[in-house]
Amino acid sequence: MDSRLGRPGWWQAPAAAGIALAVDALYLAIIRGEGEGELASGRVLFVAGCVAGAALALFWAPFLPAKTRSILLTGAAAMLGLWALLGSLSIGLLLAPAAVLAAFAAGHAVADARRESWLAALGAVLLVAAGLAVT
């Protein structure tokens, strides 16, 4: 099928992006509400930036060429899944539906670029590990 929006599961990536952005906004609101000045900390900004970046990738991926779509969807799914796991004792659990939808969307696209998709997932994991080590 030639239409990008006619692909199986085309709705999963934008739905995951919407959930991720809503959880990201809730995360920042909770941090702000605590009033301890943590909103400007490197760790909070890193986590919020990662989730927002994954959401942006999920939103734009359906409109991009097949290989780029595979890379963005897989990287975003890995990023959201990792934050859902790392934050599972707090608000990260709310990212699980977004991670699952992103993984389903990536599953539809991964056939176009298997090696690149694995590298994107590995890159997302390494980015989170490096960011946590630095912040």
Worksheet item: Cα centroids of region 10-74 and region 92-135: how far apart, whole angstrom?
Response: 12 Å
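Give me the extension gain from L64 to W118: residue separation times 0.36 nm, minus the current Cα-Cα distance, reported in nm with one decimal. Mind showing how you got there, number by number?
Details: separation 54, 0.36 × 54 = 19.44 nm, distance 1.84 nm.
This chain segment gains 17.6 nm when fully extended.
Values quoted throughout were computed directly from the atomic coordinates according to the rules given, and no laboratory measurement underlies them. Every value quoted in this text rests on a predicted model; they were computed, and no experiment measured them.
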